[in-house]
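Trainee: I am attaching a structure below and will ask some questions about it afterwards.
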């Protein structure tokens, strides 16, 4: 299988605190990989190093075989990495379509030639991405009136607007109702399958993780303590101890299947 993302001995220290400690893993093309762990495990620090917001203390990050060391978030984005955030960040005064158009304008390097006709640039492309996430019928609504679940879907459309090969999703279902969580992750799983995108996501909802991830990694105190299939992680006693206090991990209902 083709390796899209690889980290080698990735570490990050803040003075005496080692937030990420010697983390090595790979993510393959078309894989939906979950990164889980208790609060403070180092998940966000790891994400920020992958996207260039933080420089590793040691180790390396490779995208399609290229070392990303020292590259800016914008440069990494242009190489085909998209990201969604735990807290959505859209232009509330703009419409749904205009938010996606702004991402497309940046992608096509038209940011310095957009006035006064930006509203007409790449609208058809924007509508296509909105159709992909089931929001084309809301294209002309202002973002300020959207429900939170719709904002999350819009953020996904924005992240997909430059056709990334890798998508980083930081707690994509945070703040959403259970039904919205399931719908968003099923949508993500469908996009992974249909477009061959690789996805690395963090998530606290174990139902979401076990229902949709192809593989799961577990961080604890900055170290990678487990990496395996859903069943392997569910039955891992060390994971049960550090992540759920020794309790039994989620078991699906009879007849349930993973996307």
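The values are calculated or read from the model by the stated rules, or taken from the named source; none is laboratory data. The model shown is predicted, which means the values in this text are computed figures rather than measured ones. So basically every Cβ, Gly included, is an ideal-geometry build from the backbone, and we count neighbours across all protein chains shown.
Trainee: Has the stretch 201-221 got at least one residue that is more than 29 Å from residue 155 (Cβ to Cβ) and either part of a helix (DSSP H, G or I) or at pLDDT 90 or above (or both)?
Mentor: yes
Trainee: Are there any pairs with C-beta distances below 8 angstrom linking a residue in the stretch 202-213 that is in the same structural domain as residue 47 (by TED's automatic domain parsing) and free of Cβ contacts under 8 Å to residues at least 24 places away in the same chain to a residue that is part of a loop (DSSP other than H, G, I, E, B) and surrounded by 23 or more Cβ atoms within 10 Å (Cβ to Cβ), with the two at least 6 apart or on different chains, and if so which?
Mentor: none
Trainee: Additional query: Search the stretch 1-48 for residues being in contact with a helix residue (DSSP H, G or I) (Cβ under 7 Å, 6 or more places away or on another chain) and part of a loop (DSSP other than H, G, I, E, B), and hand back the single one that is surrounded by the most Cβ atoms within 10 Å (Cβ to Cβ).
Mentor: 37
Trainee: From the residues in the stretch 77-88 that are closer than 14 Å to residue 106 by Cβ and over 12 Å from the mean Cα position of the chain (by Cα), which one is surrounded by the most Cβ atoms within 10 Å (Cβ to Cβ)?
Mentor: 77
Trainee: Here's another thing I want to ask about it. Which of the residues belonging to the stretch 164-191 are more than 29 Å from residue 53 (Cα to Cα) and crowded, with 18+ Cβ neighbours inside 10 Å?
Mentor: Scanning the stretch 164-191 gives a single hit, 182.
Trainee: So, one more: Look through the stretch 49-62, keep the residues that are within 18 Å of the chain's Cα centre (by Cα) and part of a strand (DSSP E or B), and return whichever of them is surrounded by the most Cβ atoms within 10 Å (Cβ to Cβ).
Mentor: If we take residues in the stretch 49-62 being within 18 Å of the chain's Cα centre (by Cα) and part of a strand (DSSP E or B), then 61 is surrounded by the most Cβ atoms within 10 Å (Cβ to Cβ).
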